[in-house]
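The values are calculated or read from the model by the stated rules, or taken from the named source; none is laboratory data. Treat the numbers as computed from the prediction; the structure is a model and nothing was measured. With ideal geometry, Cβ positions are generated from the backbone for all residues, glycine too; neighbour counts draw on all protein chains shown. Note: accessible area is taken over every heavy atom of the protein model, side chains too, but ligands, DNA and RNA are not part of it. Shrake-Rupley method; radii C 1.70, N 1.55, O 1.52, S 1.80 Å.
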Amino acid sequence: MTFNDLGVRDDLLKGISEMGFEAPMPVQEKVIPLLLGGDHDLVALAQTGTGKTAAFGLPLIQRVDNARLVPQALVLAPTRELCLQIAGDLADFAKYVPDISILPVYGGSSIESQIKALRRGVQIIIATPGRLIDLINRGVVKLDNVHTVVLDEADEMLNMGFVDSINDILAHVPEDRKMLMFSATMPPEAARIAKRYMHDPEEIVIGTRNEGAANVRHIYYMVNAKDKYLALKRIADNSPNIYAIIFCRTRRDTQEIADKLIADGYNADALHGDLSQQQRDMVMKKFRDGVTSLLVATDVAARGLDVDDLTHVINYGLPDDTAVYTHRSGRTGRAGKAGVSIAIIHSREKGRLREIERIIGKKFERKEVPTPEHIIEKQLYNLADRIERVEVDDNEIDRYLPGVAKKLSWLTAGDLLKRVLSLEFKRLLNYYKDAPAIDYIDEKPSKKERPERAPRTPKDKDRRTAERGMARIYVNAGKADGFFAGNLIDVLNHNIPGRRVDVGRIDLMPEYSLFDVPKADAQRVTAALKGADFFGKRLYSEVADPDKDYAASSTRRSKVKKEKSPRKPRK
């Protein structure tokens with residue numbers, strides 16, 4: 001299938017060919033023939049980055065009567081940024097189309113210059129609802145000749161509260177116009193608009209309703225809330241060529257995290273509602289130009305930000321609305337490229353994660369937070385790749401080589417390589433020296449996650465041996481004491497001086513617990529836990545004896561305790 005097969009005109013084919021368009025994408029294959037030849041209104045459910053702009057833009061341009069300088073097509077978009085993006089794309093498509101005028105109108109820019117352009121005459125208007133209402137009320141925009149209306153990212157517009165503005169605008173266009181609604185999800189408000197203003201609309205679904213983008217891999221890391229920023233840095237360090245948007249829930253979090261990243265040496269910036277339009281434009285230009293590689297943003301501020309080459313979307317916590325997650329993740333994996341959507345969550349967000357999985361029809365992979373060793377290895381190999389691929393101008397560099405070679409002649413090739421790597425990664429090596437594991441250890445895996453196995457008695461559990469290189473530790477506190485995995489980690493962190501101890505498998509019993517630590521740390525752990533306080537309970541710990549029946553011992557101690565406790569006097 002080619003664009004020519006879809007009925008796209010030669011002058012448009014020439015323009016999109018120069019832009020690198022080869023074969024149409026699925027949404028274009030379905031939408032373009034309907035807009036060029038069909039009479040039905042259309043509802044298209046498709047993720048961002050699936051080629052929607054060309055799907056409606058090419059037919060819009062082709063159906064314009066170039067001899068008439070009046071508005072004939074209207075595209076409504078939720079934000080200034082998306083409005084400009086669509087207008088720019090349509091202008092590129094129409095590069096070889098004579099006598100066509102395309103105008104973006106949006107808030108935050110001079111309304112006088114937009115009025116002058118409208119009075120000169122335009123055929124296609126791309127507008128944000130608020131500014132268009134203003135221009136209609138001033139009598140500058142007449143929509144009597146509009147034959148096609150497109151609502152792009154309709155769910156976003158409705159989330160932003162534009163439902164009344166959309167109703168007002170649609171009341172000014174002819175009853176017999178063709179109408180298209182493009183949306184990633186179909187909230188009730190969008191369905192109501194379709195029912196009220198569209199005539200027997202045909203529905204096209206690219207993928208499945210409300211599903212996540214097909215090219216996006218969904219990953220989550222679970223850590224304690226206090227370790228979220230540390231996990232974010234490790235994720236960034238583990239992806240040397242990362243180009244990502246980091247989504248936060250509040251403006252305050254957005255600015256704080258961006259400030260921390262900048263202070264820690266990352267190319268980061270913040271995008272939120274407290275910035276002026278000029279500041280927003282500057283931040284987004286730097287990000288689009290690749291000057292900034294990490295953009296920390298709120299959902300509202302990032303609406304309309306269209307970047308094709310994002311490697312990651314990082315959710316610094318999950319949104320309450322699944323549609324918001326769908327939009328976030330849809331910003332990566334665009335134009336057929338692979339992308340990664342990462343969620344950094346704590347244990348209380350796991351239920352929300354499962355709900356998102358159910359709605360988007362995608363499974364999240366749980367990953368361990370990258371270890372310091374893995375990060376350093378990844379960075380070193382990335383440096384090796386850069387060294388291999390660097391372009392060398394022999395004519396320029398040769399004149400300096402003799403002097404440098406003489407100065408470094410006392411170094412062997414191995415010594416020289418070590419120094420180059422140390423020069424590049426000294427900060428990273430120092431930062432990650434003795435850095436702890438920060439993954440949250442689940443107290444209880446879900447039923448689906450539990451492996452099927454034969455029933456095991458408490459004594460069987462006691463006899464389980466530690467994994468190779470690990471030692472099994474006993475502590476006299478269990479679930480009956482309110483002692484769970486998180487409490488164990490907190491007790492260890494508060495009572496063991498120096499570097500943190502990595503904890504392996506944990507078995508929680510009613511009266512006691514068993515857990516694994518590296519053999520080298522076993523004595524340090526037991527010494528620190530002996531006599532430690534857990535909400536009034538004095539702890540005792542030892543390296544577990546695989547032949548000892550701790551369940552029976554705990555039962556005997558409990559009985560003795562009950563026998564010794566004084567009886568209450570009868571009344």
### Summary
Here the residues within segment 338-358 that are open to solvent by 60 Å² or more (accessible area, probe 1.4 Å) and over 15 Å from the mean Cα position of the chain (by Cα) are Arg348, Arg354, Glu355, Arg358
### Query
If you take the residues in segment 477-495 that are outside any helix (DSSP H, G or I) and not aromatic (Phe, Trp, Tyr), which one is nearest to the chain's Cα centre (by Cα)?
Gly482
### Message
What pairs come out if I take residues in segment 50-69 that are of a type outside the set (D, E, K, R) and pair them with residues that are in a helix (DSSP H, G or I) and open to solvent by 40 Å² or more (accessible area, probe 1.4 Å) whose C-beta lies under 6 Å away, six or more apart or interchain?
### Response
Pro59/Leu36
### Message
Could you check segment 506-536 and list, in sequence order, the residues that are open to solvent by 50 Å² or more (accessible area, probe 1.4 Å) and either of a type in the set (Asp, Glu) or within 16 Å of Lys479 (Cα to Cα) (or both)?
### Response
Pro510, Glu511, Asp533, Phe535, Gly536
### Query
Looking at Thr292, Thr254, which one is under 19 Å from Ala343 (Cβ atoms), in contact with a helix residue (DSSP H, G or I) (Cβ under 9 Å, 6 or more places away or on another chain) and open to solvent by less than 80 Å² (accessible area, probe 1.4 Å)?
Thr254
### Query
Can you tell me which residues in segment 176-191 are of a type in the set (A, V, I, L, M, F, W, C) and either part of a helix (DSSP H, G or I) or open to solvent by less than 10 Å² (accessible area, probe 1.4 Å) (or both)?
Met179, Leu180, Met181, Phe182, Ala184, Ala190, Ala191
#### Entry: Hey, Arg331 open to solvent by 70 Å² or more (accessible area, probe 1.4 Å) and either small (Gly, Ala, Ser) or on the phi < 0 side of the Ramachandran plot (or both) or not
no
### Task
Filter segment 85-130 for residues that are touching a residue at least 60 places away in the same chain (Cβ under 8 Å) and either on the phi > 0 side of the Ramachandran plot or of a type in the set (A, V, I, L, M) (or both) and give the result.
Ile86, Ala94, Val97, Gly108, Ile124
### Task
Among the numbered conditions (1) outside any loop (DSSP other than H, G, I, E, B); (2) open to solvent by 20 Å² or more (accessible area, probe 1.4 Å), tell me where Gly265 comes up short.
(1)
### Query
Mind checking whether some residue in segment 523-542 is of a type outside the set (A, V, I, L, M, F, W, C), modelled with pLDDT of 90 or more and in contact with a helix residue (DSSP H, G or I) (Cβ under 6 Å, 6 or more places away or on another chain)?
yes
### Message
What are the pairs with Cβ atoms under 8 angstrom where one residue, in segment 375-392, is in contact (Cβ under 8 Å) with a residue 24 or more places away in the chain and the other, located anywhere, is of a type in the set (Lys, Arg) and part of a helix (DSSP H, G or I)? Sequence gap at least six, or different chains.
### Response
Ile375/Arg234
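Among the residues that make up segment 368-380, is at least one of them more than 30 Å from Tyr432 (Cβ to Cβ) and open to solvent by less than 30 Å² (accessible area, probe 1.4 Å)? Spell out the reasoning first.
Looking only at segment 368-380, we keep the residues that are more than 30 Å from Tyr432 (Cβ to Cβ), and these are none.
The answer is no; no qualifying residue exists.
Consider Val140 carefully, then state whether it is farther than 19 Å from Gly57 by Cα and of a type in the set (A, V, I, L, M, F, W, C).
Details: farther than 19 Å from Gly57 by Cα: yes; of a type in the set (A, V, I, L, M, F, W, C): yes.
It is true that Val140 is farther than 19 Å from Gly57 by Cα and of a type in the set (A, V, I, L, M, F, W, C).
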### Task
Can you give me the number of residues within segment 215-246 that are part of a helix (DSSP H, G or I), of a type in the set (A, V, I, L, M) and modelled with pLDDT of 90 or more?
5
#### Entry: helices (runs of 4 or more DSSP H) within segment 369-476 that include 3 or more residues out of contact with any strand residue (DSSP E or B) (no Cβ under 8 Å at 6 or more places or on another chain) and at pLDDT 80 or above
372-389, 394-397, 401-407, 413-432
### Query
Name the pairs: first residue in segment 1-20 and closer than 16 Å to Val97 by Cα, second residue open to solvent by less than 90 Å² (accessible area, probe 1.4 Å) and among the charged types (D, E, K, R), Cβ to Cβ under 6 Å, at least 6 apart or on different chains?
Met19/Asp92
### Summary
Taking segment 57-90 and keeping residues assigned to a loop (DSSP other than H, G, I, E, B), surrounded by fewer than 16 Cβ atoms within 10 Å (Cβ to Cβ) and among the small types (Gly, Ala, Ser) leaves Ala67
### Query
Any residue at all in segment 10-20 that is modelled with pLDDT under 90, farther than 23 Å from Glu202 by Cα, outside any loop (DSSP other than H, G, I, E, B) and open to solvent by 10 Å² or more (accessible area, probe 1.4 Å)?
yes
### All positions within segment 30-44 that are at pLDDT 85 or above and surrounded by fewer than 18 Cβ atoms within 10 Å (Cβ to Cβ)
Pro33, Leu36
